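Asks: Just passing along the structure, written as structure tokens.
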Amino acid sequence: MSVSGKLGCLRGFVVSKVVVLVTVVTTMFFQPASTSAAVKPEADSASVTNAKSAKRILGRRIPDFVLPDSAGKPTAFSDFSEAKHVVVVFLGTQCPIGNAYVPVLNELQTRYRDRAVQIVAINSNLADNAEAVARHVKDFSVRFPVLCDERQVVADIFGARRTPEAFVLDPRRHIRYRGRIDDRYGYDYKRATARRNDLEEAIKELVAGDEISVAETEPTGCIITRRNRIAGKGEITFAKHVSRILQKNCADCHHPGTAAPFSLLKYEDAANWAGMIRETVLERRMPPWSADPRYGHFDNDLRMSDEDVDTLISWIDGGMSLGDPKEQPVPKQYANGWQLGKPDMIFRIPDEYTVQATGTVEYQYFVTPTNFKEDVWVQASEARPGNWDAVHHIIVFVREKGGQRKQGLPAVGGFAPGEEPKILPPGVGFKVPAGAELVWQLHYTPTGKVEKDRSEVGLYLCKETPERQSRGGGVFNFRFSIPPGAEKHRVVSEAIIPRDVELISLMPHMHLRGRDFKYTAKYPDGRSEILLSVPNYDFNWQHRYRFTEPKPIPAGTKLECVAHFDNSIHNPANPDPTIAVRWGDQSWEEMMIGWYAVVDAKPLQVEKDIWAAAMSNDVAALKKHFAAGVDINSRNPIGQGTPLLAACVFGKTEAAKLLIKQGADMTLVSTDGSGSAPLTVAAFFGHTEIAKTLIENGALINAKNKAGNTALNAVSHPWGPAIEGFYKAVGSNLQLELDLERIKASRPKVFELLKKHGAKLAGELPD
């Protein structure tokens, strides 16, 4: 978001005229003779209004006043006398929550204009100037008047504390409602629809002549810092003390050209946003960091020290003194563009994407070919949003040419709020195979106006072939169902680390119902160690927790992830607490992934692991693994499937035949919850030739899975919408792009093949 503007709303001739008008009106109407108008400003705008204060505001009569509108024209409150009811909403140009509500307010104004209701916005923010307000009105297509309260006189009369904060006035201009617009947007959540439309309900009840049933709610948004709090005194100064704290803890995100809502590089910035700074550091919302300090040591720990918090609060409460500018540290320099300098290669999403102004945008997937003629080794990567306001996160996956995975694994790079570029240790590289594609997953968040984006990722190549390879993996659980209303639903996933590695980072991933997440290493010698605990998971901050020192993990270690989900009404981010929730890409669905990044402890001998070789039908690589003595039945740390199961899922006939010939165990079942043997898997996905090879080599033709079904059951139902929908769900769960026409055509052939060799339905077999 943009840098704070200069103090004041107007300059020059217009300023002088408006100041005179405001002064006259203040003298006429804001005298102690009228108790309803003689209201003292709140002492501390960062504090929550208590019950007594609320009672003083509700029922208060608002006298006439004059303020300039967004075009600089002096406008009196009495100019809106034709409206029976007036809704006053305090807004600011840089508040993301306020901006998200502009389309909502536009709709309300359109819906109720014929019912004598007028919405008027007032901007009392110190950070906004006339140009910013005018631009904001244009950019967001604001369809109601916006007035500029330079001296915050009107903000004090209303007792306004935040943007957005709404006030509903009756015909005599008494305050009948104050508070939020609705409950769809908060600091750490954004719902597609509101549970209660508080402002509209108040308007409807007032128009109908009824008492307002809920006259006050707590607004959520940006605090309006009061001008009268900037006293310029105090022993703690910005120059000597605060500038260093902000530079160390805040400025890396809060500088121009980033996703942060405002800059904190200058004194004016910090003073303008002092109210929000005070609140967020006291509540430990900022800087964002969710890890339990008792477990693990991470070099990107963002926690602010208690001493720094105390200094900030003392500075704000003491009048926000500037001090001697000569005592400020040398300003931190930020690159206008790539943080790591110019990349060796830059890739972009294929076309510019338009983000709608409101609503919910499903995750968008784009594919970019690399056109690499040979394997490329990457030492670092940096993903950059084309639009910092609209992009919530970016994940860029690598997918081998012709791969069936929707996303691809692992990720070559990504972006999320608070995330830094991916940099590997010296001598370590990440391989992007020849001919590979980059698969982009982008999560867009509407801002209140139409946005355009064309995000990009930069790759920084290894200068020479690295000594060791970095690998990415994930501990998944695809098979879960979170019951409606469940406050703490437990989901567990496990993976075996098949080789000696050094663990360099962890990154838990859930969606809006995620509550907490914990990684535990269970070592082969019986020891157990908590690697990372995130007791308060926040979907808005997708942290990659980087170990200060790489952590040795011996082969055979079980990596266990335990997560809890809150699907109750008490979770403000919950899209719908009345439904059962399962795995899915979209944020209103859920995921349970314990991402991790490792470095091979030893120099790599076989570049492609045995499961990747099976999935890509790389017979030559498989033979290398056989020669090296790799366990042919070992479980993949991602999904825990065997190489044979991988070949059966992806239909890699030559790989499957070679694995079967080499003696792969045909009885080992999948651990994804279905418990299906290779024959059932091959049958289900319509791979006739693999199924035939399995049968000819002695696969148990009537083996049952956990649901009690055989391979014949998997292909026995006639094709229709229900079956097609089921395949789509399975494809989504497994992140596969399934060829449904091929599967539809193959199922009858597989059915006849199985029947020919004596296959039976589960109901035809003895218990």
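Asks: What is the calculated FRET efficiency for Q364 to D631, with r their C-beta to C-beta distance and R₀ = 25 Å, to the nearest 0.05?
Replies: For Q364 and D631, the calculated efficiency is 0.05.
Asks: For a distance above 19 Å, tell me the whole-number percent of Cα pairs in region 89-158 that qualify.
Replies: 32 percent
Asks: Can you work out the FRET efficiency for the pair D317 and K248, with r the C-beta to C-beta distance and R0 = 22 Å, to the nearest 0.05?
Replies: 0.60
Asks: Same structure, new question: Counting every Cα pair in region 57-210, what percent are over 25 Å apart?
Replies: The share of Cα pairs beyond 25 Å in region 57-210 comes to 22 percent.
Asks: Could you please report the charge total around D566, scoring K, R as +1 and D, E as -1 over all other residues with beta-carbon less than 12 angstrom from its beta-carbon?
Replies: Surrounding charge for D566 is +1.
Asks: Could I ask something else about it? Residues with amide H under 5 Å of I122's amide H, sequence separation 5 or more or different chain, H placed in the peptide plane at 1.01 Å from N; which?
Replies: HN-HN under 5 Å from I122: V89, F90, L91, L147.
Asks: Please report E549, E420 as a ranked list, fewest other C-beta atoms within 10 angstrom at the top and most at the bottom.
Replies: Arranged by neighbour count, lowest to highest, E549, E420 become E549, E420.
Asks: Mind giving me the nanometre distance, one decimal, between the label points for D375 and E487, set 7 Å out from Cα along Cα→Cβ?
Replies: Spacing of the two 7 Å Cα→Cβ label points: 5.3 nm.
Asks: Continuing with this model, one more query. Show me, for region 319-335, the HN-Hα J-couplings you get by feeding each phi into the Karplus relation (A = 6.51, B = -1.76, C = 1.60, θ = phi - 60°), rounded to Hz, glycine and proline as x.
Replies: x, 6, 5, 6, x, 7, x, 5, 7, 5, x, 4, x, 6, 9, 10, 5
Asks: Please give the charge dipole size of the chain, origin at the Cα centre, charges +1 on K and R Cβ atoms and -1 on D and E Cβ atoms. Round to the nearest 20 debye.
Replies: Once rounded to the nearest 20, the dipole reads 520 debye.
Asks: Let me ask something additional. Report the GluC sites (Glu not before Pro) located in region 439-506 that are in a DSSP loop and have at most 10 other Cβ atoms inside 10 Å of their Cβ, or state none.
Replies: E464
Asks: For E218, list long-range residues whose amide hydrogen, built 1.01 Å from N in the peptide plane, is under 5 Å from its own amide hydrogen.
Replies: Distant-sequence amide H within range of E218: R180.
Asks: Only Cα pairs under 8 Å and at least 6 apart count here; give the relative contact order of region 459-558 as a rounded whole percent.
Replies: It rounds to 33 percent for region 459-558.
Asks: While we're looking at this one, here's another question. Hey, can you rank 389-401, 371-383, 58-70 by average C-beta count inside 10 Å, highest first?
Replies: Per-residue Cβ counts within 10 Å, averaged per peptide and sorted highest first, yield 389-401, 58-70, 371-383.
Asks: Could you work out the equivalent-ellipsoid semi-axes for region 230-327, taking the square root of 5 times each eigenvalue of the Cα gyration tensor, largest first, in whole Å?
Replies: Taking √(5λ) for each eigenvalue gives 24, 15, 12 Å, largest first.
Asks: Taking neighbour counts of Cβ atoms within 10 Å as a proxy for exposure, in what order, fewest first, do S528, S141, S321, S263 appear?
Replies: Ranked by crowding around the Cβ, least crowded first: S528, S141, S321, S263.
Asks: Rg(Cα) of region 623-720 divided by 2.2 N^0.38 Å?
Replies: Relative to the 2.2 N^0.38 Å estimate, region 623-720 comes out at 1.04.
Asks: Just how many % of Cα pairs in region 366-523 lie over 25 Å apart, if you round to the nearest whole percent?
Replies: Distances greater than 25 Å cover 42 percent of the Cα pairs.
Asks: For region 491-500, in order, what is each residue's ³J(HN,Hα) by Karplus, 6.51 cos²θ - 1.76 cosθ + 1.60 with θ = phi - 60°, in whole Hz (x at glycine and Pro)?
Replies: 10, 10, 9, 9, 8, 9, 7, x, 9, 5
Asks: Counting only DSSP beta bridges with both residues in the chain, what percent are antiparallel, rounded to the nearest 5?
Replies: Once the DSSP bridges in the chain are tallied, antiparallel ones form about 90 percent.
Asks: How many nm separate the modelled label positions at E654 and K73, each set 7 Å beyond the Cα in the direction of the Cβ?
Replies: Taking the simple label geometry, E654 and K73 are separated by 7.6 nm.
Asks: Moving to a separate point now. For I743, I277, what's the fewest-to-most ordering of other Cβ within 10 Å of each Cβ?
Replies: I743, I277
Asks: Please tell me the relative contact order of region 139-239 in percent, rounded to the nearest whole number, where contacts are Cα pairs under 8 Å and at least six residues apart.
Replies: Relative CO of region 139-239 lands at 28 percent.
Asks: Report the Stokes-Einstein translational diffusion coefficient (µm² s⁻¹, integer) for region 467-604, Rh taken as the Kirkwood radius over Cα pairs, at 25 °C with viscosity 0.890 mPa s.
Replies: For these conditions, the coefficient is 157 µm²/s.
Asks: Give, as ranges by residue number, the residues of region 468-499 whose backbone N falls under 16 Å from the point 7 Å along Cα→Cβ of R582.
Replies: What the label zone holds, given the 16 Å backbone N cut-off, is 477-484.
Asks: By the scheme Lys and Arg +1, Asp and Glu -1, what is the net charge of all other residues having a beta-carbon under 14 Å from that of F298?
Replies: Its environment carries a net charge of -1.
Asks: Where Lys and Arg each count +1 and Asp and Glu each count -1, what net charge lies around P603 among other residues with Cβ under 10 Å from its Cβ?
Replies: 0
Asks: Amide H neighbours of D516 under 5 Å, counting only residues 5+ apart in sequence or on other chains, H built in-plane at 1.01 Å?
Replies: Y537, H564
Asks: Once you put a point 7 Å from the Cα of M345 and another 7 Å from the Cα of K522, both along the Cβ direction, what distance in nm separates them?
Replies: 4.0 nm
Asks: Sticking with this one: Sort largest first and round to whole Å: the equivalent ellipsoid semi-axes of the chain, each the square root of five times a Cα gyration tensor eigenvalue.
Replies: Semi-axes, largest first: 57, 30, 22 Å.
Asks: So how do 744-756, 323-335, 646-658 stack up, highest first, on mean other-Cβ count within 10 Å?
Replies: Averaged packing, sorted descending, gives the order 646-658, 744-756, 323-335.
Asks: May I ask you to order 619-631, 579-591 by the average number of other C-beta atoms within 10 Å around their residues, highest value first?
Replies: My ranking of the peptides, most packed first, is 579-591, 619-631.
No lab work stands behind these numbers, since they all come straight from the coordinates. Predicted, not measured: the structure shown is a model, and the values here were computed from it. Note that we place each Cβ from the backbone using ideal geometry, even for glycine, and neighbour counts take in every protein chain shown.
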